[in-house]
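Undergrad: One structure, pasted below without further comment.
No value in this document is a laboratory result; all are computed from the given coordinates. This one's a predicted model, so the numbers in the text were calculated from it and none came from an experiment. Quick reminder, even Gly has a Cβ in these numbers, built from the backbone with ideal geometry, and neighbours come from all protein chains shown.
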Number of protein chains: 2
Amino acid sequence: MRLISFEDNGQAGVGVMVGDDGFIDLATAAPDMPVTLKEILVSVDGWQDKIAAATDGKAADRALGDVTLLPVIPSPQASWCVALNYQTHKDETGLDRSEYPEMFLRMPVSIVGHGQELVRPREEMAKRYDFEGELAAVIGKPGRYIPESEAFDYIAGWSCYNEGSVRDYQSHNRQFGLGKTFEKSGSFGPWMMTPDEFGDPYQQNIITRLNGQEKQNSSINLILTRIEGIIAYLSEGYTLQPGDVIVTGTPGSLPGTNKAMEPGDVCEIEITGLGTLSNPVIAAE
Amino acid sequence: MRLISFEDNGQAGVGVMVGDDGFIDLATAAPDMPVTLKEILVSVDGWQDKIAAATDGKAADRALGDVTLLPVIPSPQASWCVALNYQTHKDETGLDRSEYPEMFLRMPVSIVGHGQELVRPREEMAKRYDFEGELAAVIGKPGRYIPESEAFDYIAGWSCYNEGSVRDYQSHNRQFGLGKTFEKSGSFGPWMMTPDEFGDPYQQNIITRLNGQEKQNSSINLILTRIEGIIAYLSEGYTLQPGDVIVTGTPGSLPGTNKAMEPGDVCEIEITGLGTLSNPVIAAE
């Protein structure tokens, strides 16, 4: 099952994808459901079965092109990202990390949905604005002190994430800080795919293309701290909540390429077996 | 004017302090106002004048002891903190920073209100859990690319903040990450004081006491990146919004003391001219 978060005439909604261009609007198929995906995860026990019962075998009743896609979870309580979680990316940055996952937070306003414009910061402020293709996990139920062996039970679904980064600001200090959370600098979508459909994430690849040219292509199996370890680590500090987003790290660029994005570019993050997140880049006003 | 955010029987409310023990409940005095301080800042033009008109000269109608105080802003879109913003704290950590403010984010679940329990993480996970007494500013109106000369116009009010820190996790990597946002590890209150009443923050001191013993006492004028500079810097990256919280850094400990907190302790953060934030410490389950 692939679920989208969308907006139509200022109204939030959730849809179930049918094929790649249409969806079933839950406001029609399951009018008792909350209108945001986070609220469904928080408050509807057995949400996946209930949504399946309301939509299985039905045709799409709306077209993807008629609505504005939002980030899969527009307002999570936390968007946790991991630095330097592939050796190829560590190598290209020259930075080092310990055996613990190196975590930082992004703000919701830094993220747009599939198809929406990414904003390259003003030239005089930032010489370098980079994509980072990543796999994101969405948490589905509350959990504290989660053992690694149970971590995948806490995942409601998976998505593509462009963890767009303003390198100048990121390097101002030891903390990445503002450089990882410029307004509309990243994206999250197009949909959340449930674990039964996505299967084993370590069998898939992250592929990033800029204007059609391949820039990243890495097996997710090359990840350093595995996803189970990241979830277990974070749950030592606080109770993970439905809708929390865990962005699992970016691989290095392919030889002879870099990650820079400029106005006019189109950046695509594909996770094989999951989908492709695509965004045009514009210049900041 | 001093404004509190509180909860009573599961219902959120905002109050105006009268003296140190009582307040006027805006649900009674100004029933048209939203029931959260953030929503008042977002949606009520001229909120301070309107609240003053509804409460000036009136007696308190409720006692502080009868409600649960919440963090001044319980769910800001961002709680930005500054690392190493006093020379005395830089010296005691041995860490360095650049001329830019070194920023990181905290999650709302990491913060409790005045009088609520701070939670010391499990002994086997964390050897060291520290207070950090700080001055917090609450943003009152949206702003991008704010010049330093106008930065104070964007502040709705001021408060005390205990930027409680789990040092073991903070030092796992270059990013402070999870170590700065353990559940219920910090606090924010007791109230927000408006700028007309607080005056010049640089004339005031931060004083922290643990079980009555003075542990920090520093003029805020010794701050490194001044508050105007922090606001200007953050506004380069995104549009500051009403309710955003900017926590301005902690001074070093007094000679011969440290910042450690243990279960059973009571930690008080006083900002002179503003008030005192007090919290007991308990052990994590």
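Undergrad: For B:Glu99 and A:Ser98, what is the calculated FRET efficiency with R₀ set at 30 Å and r taken between the beta-carbons, to the nearest 0.05? Mind showing how you got there, number by number?
TA: On the way: r = 28 Å, r/R0 = 0.92.
Taking R0 as 30 Å, the efficiency between B:Glu99 and A:Ser98 is 0.65.
Undergrad: Any chance you could check the Cα centroid distance between segment A:212-285 and segment B:1-75 for me, in angstrom?
TA: 43
Undergrad: So if I take the alpha carbon set of segment B:179-285, get Rg, then get Rh from the Kirkwood formula, what is the Rg over Rh ratio?
TA: Reported Rg/Rh, Kirkwood definition of Rh: 0.98.
Undergrad: Roughly how big is chain A's charge dipole about its Cα centre, with Cβ charges of +1 (Lys, Arg) and -1 (Asp, Glu), in debye to the nearest 20? Each step should come with its number before you reach the end.
TA: Working: 22 positive and 41 negative charges, 127 e Å.
Computed about the Cα centre, the dipole is about 600 debye.
Undergrad: Taking the label point 7 Å from Cα in the Cβ direction, how far apart in nm is A:Ser98 from each other copy of itself, listed shortest first?
TA: Copy-to-copy label distances at A:Ser98, shortest first: 2.4 nm.
Undergrad: Continuing with the same structure: Regarding segment B:43-161, what's the average projected area of the Cα-atom convex hull, expressed in nm²?
TA: On the way: hull surface 45.3 nm².
For segment B:43-161, the mean projected area of the Cα convex hull comes to 11.3 nm².
Undergrad: Could you grab the Rg to Rh ratio for segment A:158-204? Cα atoms only, Kirkwood for Rh. Don't jump to the answer; show the numbers that get you there.
TA: Values: Rg = 14.7 Å, Rh = 12.6 Å.
Rounded to two decimals, Rg over Rh is 1.17.
Undergrad: Here's a follow-up. On average, how much area does the Cα convex hull of chain B cover when viewed from any direction, in nm²? Write out the running numbers ahead of the final one.
TA: Numbers: hull surface 57.5 nm².
Averaged projected area of chain B's Cα convex hull equals 14.4 nm².
Undergrad: Which of A:Ile155, A:Ala126, A:Ala136 sits closest to the plus end of the dipole of segment A:82-171, meaning its Cα is farthest towards the positive end, when Lys and Arg get +1 and Asp and Glu get -1 on the C-beta?
TA: Projecting each Cα onto the dipole axis, the largest value belongs to A:Ala126.
Undergrad: Let me ask another. Tell me the Kirkwood radius of segment B:2-69: reciprocal of the mean inverse pair distance over distinct alpha-carbon atoms, in Å.
TA: On the way: mean 1/r = 0.0841 Å⁻¹.
Kirkwood radius, segment B:2-69: 11.9 Å.
Undergrad: Taking the Cα centre of chain A as the origin and placing charges on Cβ (Lys, Arg +1; Asp, Glu -1), which of A:Val42, A:Gly252, A:Gly10 is farthest toward the positive end of the dipole?
TA: Positive-most Cα among the choices belongs to A:Gly252.
Undergrad: Which parts of segment B:261-285 would a label at B:Asp168 reach, counting a residue when its backbone N lies under 13 Å from a point 7 Å out along Cα-to-Cβ?
TA: It comes to B:284, nothing else.
Undergrad: For q = 0.25, 0.27 Å⁻¹, what log10 I(q)/I(0) does segment A:39-113 give under the Debye formula with an equal point scatterer on each alpha carbon and no solvent?
TA: -1.16, -1.20
Undergrad: Still on this structure: For the protein assembly as shown, what Kirkwood radius comes out of the mean inverse Cα-Cα distance, in Å?
TA: On the way: mean 1/r = 0.0408 Å⁻¹.
Its Kirkwood hydrodynamic radius stands at 24.5 Å.
Undergrad: May I pose another question? Just want to confirm a number: the relative contact order over chain B, from Cα pairs under 8 angstrom separated by 6+ residues, in percent.
TA: Numbers: 709 pairs, mean separation 69.5, N = 285.
Relative contact order comes out at 24 percent.
Undergrad: Let me ask something else. Under a plain spin-label model, where a point goes 7 Å from the Cα along Cα-to-Cβ, how far apart in nm are B:Asp21 and A:Asp45?
TA: 4.6
Undergrad: When the convex hull of the Cα atoms of segment A:120-166 is projected onto a plane and the area is averaged over all directions, what value comes out in nm²?
TA: On the way: hull surface 19.1 nm².
Mean orientational projected area (segment A:120-166, Cα hull): 4.8 nm².
Undergrad: So the label point sits 7 Å from Cα along the Cα-to-Cβ vector; using that for A:Gly199, what distances do you get to the other copies, in nanometres, sorted shortest first?
TA: Ordered by distance, the counterparts are at 7.1 nm.
Undergrad: Mind pulling the per residue volume of the convex hull built on the Cα atoms of segment B:70-135? Å³ is fine. If you can, show how the numbers build up before the last one.
TA: Working: hull volume 8.2 nm³, N = 66.
Taking only Cα atoms, segment B:70-135 has a hull volume of 125 Å³ per residue.
Undergrad: In sequence order, what are the phi-derived ³J(HN,Hα) couplings for segment B:176-191 according to the Karplus relation 6.51 cos²θ - 1.76 cosθ + 1.60 with θ = phi - 60°, rounded to whole Hz, with x for glycine and proline?
TA: For segment B:176-191, the Karplus curve yields 5, x, 4, x, 9, 8, 4, 4, 6, 8, x, 8, 7, x, x, 9 Hz.
Undergrad: GluC sites (Glu not before Pro) within segment B:105-137: which are DSSP loop residues with at most 16 other Cβ atoms inside 10 Å? Can you show the working numbers first?
TA: Values: sites: B:Glu117, B:Glu123, B:Glu124, B:Glu132, B:Glu134; in loops: B:Glu117, B:Glu123, B:Glu124, B:Glu132.
Those satisfying the criteria are B:Glu117, B:Glu123, B:Glu124.
Undergrad: Another question about this same structure. Quick one: of the DSSP bridges fully inside the protein assembly as shown, what percent are antiparallel, nearest 5? Could the numbers behind the result be given before it?
TA: Working: 114 of 130 bridges.
So the antiparallel bridges in the protein assembly as shown amount to around 90 percent.
Undergrad: Report the FRET efficiency, 1/(1 + (r/R0)^6), for B:Asn211 and A:Asn211, where r is their Cβ-Cβ distance and R0 is 51 Å, rounded to 0.05.
TA: Numbers: r = 63 Å, r/R0 = 1.23.
Taking R0 as 51 Å, the efficiency between B:Asn211 and A:Asn211 is 0.25.
Undergrad: About the Cα centre, and with charges only on the beta carbon of Lys, Arg (+1) and Asp, Glu (-1), how big is the dipole of segment B:148-285? Nearest 20 debye, please.
TA: Values: 8 positive and 18 negative charges, 112 e Å.
So the magnitude is around 540 debye.
Undergrad: Around B:Val67, which amide H atoms from residues at least 5 apart in sequence, or from another chain, sit under 5 Å from its own amide H, with H modelled in the peptide plane?
TA: Hits under the 5 Å cutoff: none.
Undergrad: Could you give me the radius of gyration and the Dmax of segment A:86-219, taking only the C-alpha atoms into account and expressing both in angstrom?
TA: My reading of the Cα-based Rg and Dmax gives 16.0, 48 Å.
Undergrad: Would you calculate, for chain A, the mean residue ellipticity at 222 nm contributed by helices, counting each DSSP H stretch of 4 or more residues as -39,500 (n - 2.57) and dividing by all residues, to the nearest 500? Can you show the working numbers first?
TA: Numbers: 7 runs with 46 residues, N = 285.
Estimated from H runs of four or more residues: -4000 deg cm²/dmol.
Undergrad: Assigning unit charges at the beta carbon (Lys, Arg +1; Asp, Glu -1) and nothing else, what dipole magnitude in debye, to the nearest 20, does segment B:29-74 show about its Cα centre? Intermediate values should be presented prior to the final figure.
TA: Numbers: 4 positive and 7 negative charges, 22 e Å.
The calculated dipole for segment B:29-74 is roughly 100 debye.
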